[in-house]
1. Determine, yes or no, whether Ala86 is of a type in the set (Gly, Ala, Ser), more than 12 Å from the chain's Cα centre (by Cα), outside any helix (DSSP H, G or I) and surrounded by 19 or more Cβ atoms within 10 Å (Cβ to Cβ).
2. Out of (1) closer than 12 Å to Leu10 by Cβ; (2) touching a residue at least 24 places away in the same chain (Cβ under 8 Å); (3) open to solvent by 40 Å² or more (accessible area, probe 1.4 Å), the odd one out for Leu116 is which?
3. Can you name the residue in segment 48-71 that is without any contact (Cβ under 8 Å) to a residue 24 or more places away in the chain and under 19 Å from Val18 (Cα atoms) and is also least open to solvent (accessible area, probe 1.4 Å) among such residues?
4. Is it the case that segment 26-38 has a residue that's open to solvent by less than 10 Å² (accessible area, probe 1.4 Å), out of contact with any strand residue (DSSP E or B) (no Cβ under 6 Å at 6 or more places or on another chain), under 23 Å from Ala101 (Cα atoms) and at pLDDT 95 or above?
5. Would you call Arg96 open to solvent by 70 Å² or more (accessible area, probe 1.4 Å) and either in a strand (DSSP E or B) or within 12 Å of Ala4 (Cα to Cα) (or both)?
Amino acid sequence: MIRAAGGLVLREGRVLLVHRERQNDWSFPKGKLERDETWEQAALREVEEETALACTLLEEVGRAHYVVEEKPKEVRYYRMTAVGEARAQNEIDEVRWVAVAEARDLLTYAHDRRLLDLVPGERG
């Protein structure tokens with residue numbers, strides 16, 4: 001099982017999306033857990049590594065399950081807040097703050113779009 005964690009970083013009715021050039025997709029910042037790392041620690045680390053934002057972690061929003069290269073993958077997502085400006089880092093080539101309602105049109109994957117409906121008070 002591949003374990004990964006990420007964040008729905010929210011600010012003033014907008015959510016932070018990241019673009020990966022290699023996959024040519026728009027999604028939420030996320031990445032694999034390191035050895036002895038909790039889901040929450042991984043979510044905070046991965047968001048910071050991809051967006052340069054040190055976030056405040058709130059509650060778990062939801063989970064996505066899918067298969068990557070014939071291996072099952074679970075991604076746990078957490079609602080987060082942050083101050084400061086996001087900037088693309090590592091494999092991310094673009095970051096964008098998008099109104100929650102408009103994020104559905106930009107997100108590549110259906111499981112990411114479903115997560116938006118699980119965020120309290122942020123339905124678009």
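1. The answer is yes for Ala86.
2. For Leu116, the failing item is (3).
3. Glu48
4. Yes - at least one qualifying residue is present in segment 26-38.
5. yes
The values are calculated or read from the model by the stated rules, or taken from the named source; none is laboratory data. The shown structure was predicted, so the numbers you read here are calculated from the model rather than taken from an experiment. Here the Cβ is made from the backbone with ideal geometry for all residues, glycine too, and neighbour counts use every protein chain on show. For accessibility, only protein heavy atoms count, side chains too; no ligands or nucleic acids. Shrake-Rupley method; radii C 1.70, N 1.55, O 1.52, S 1.80 Å.
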